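Shown next, in structure tokens, is the structure this report addresses.
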Amino acid sequence: MTTIYDFTANDITGNPVDFADFKDKAMLIVNTASKCGFTPQFDGLEKLHQTYKDKGLVVIGFPCNQFGGQDPAENGTRTDLP
């Protein structure tokens, strides 16, 4: 049976990330859009990560531009944010 640990994905710089590297971790995988009205949720995700990272939580975000063009930069890399 195929599991998440059988997949890889490119990080924001184009380097492959092997999900098998997170086998002993709890993964929260989120779809992100930096120009979305829900961007304040990033603060909550960061707080969640800081609170539980020592217990094995990993938060993995995938930028998405499919919903109203809310993350238009290539590979999700934003150049117009402070």
Criterion violated by Asn75 - all others in (1) at pLDDT 85 or above; (2) outside any loop (DSSP other than H, G, I, E, B); (3) surrounded by fewer than 14 Cβ atoms within 10 Å (Cβ to Cβ) satisfied: (1)
Return the residues of region 5-51 that are surrounded by 11 or more Cβ atoms within 10 Å (Cβ to Cβ), modelled with pLDDT of 90 or more and assigned to a loop (DSSP other than H, G, I, E, B); say none if nothing qualifies. Phe7, Lys23, Lys25
How many residues are surrounded by fewer than 14 Cβ atoms within 10 Å (Cβ to Cβ) and either at pLDDT below 90 or in a loop (DSSP other than H, G, I, E, B) (or both) if we restrict to region 52-61? 1
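The values are calculated or read from the model by the stated rules, or taken from the named source; none is laboratory data. In this text the structure is predicted, and so the values were computed from the model without any measurement. Because the Cβ atoms are built from the backbone with ideal geometry, glycine has one as well, and the counts that use them run over all protein chains shown.
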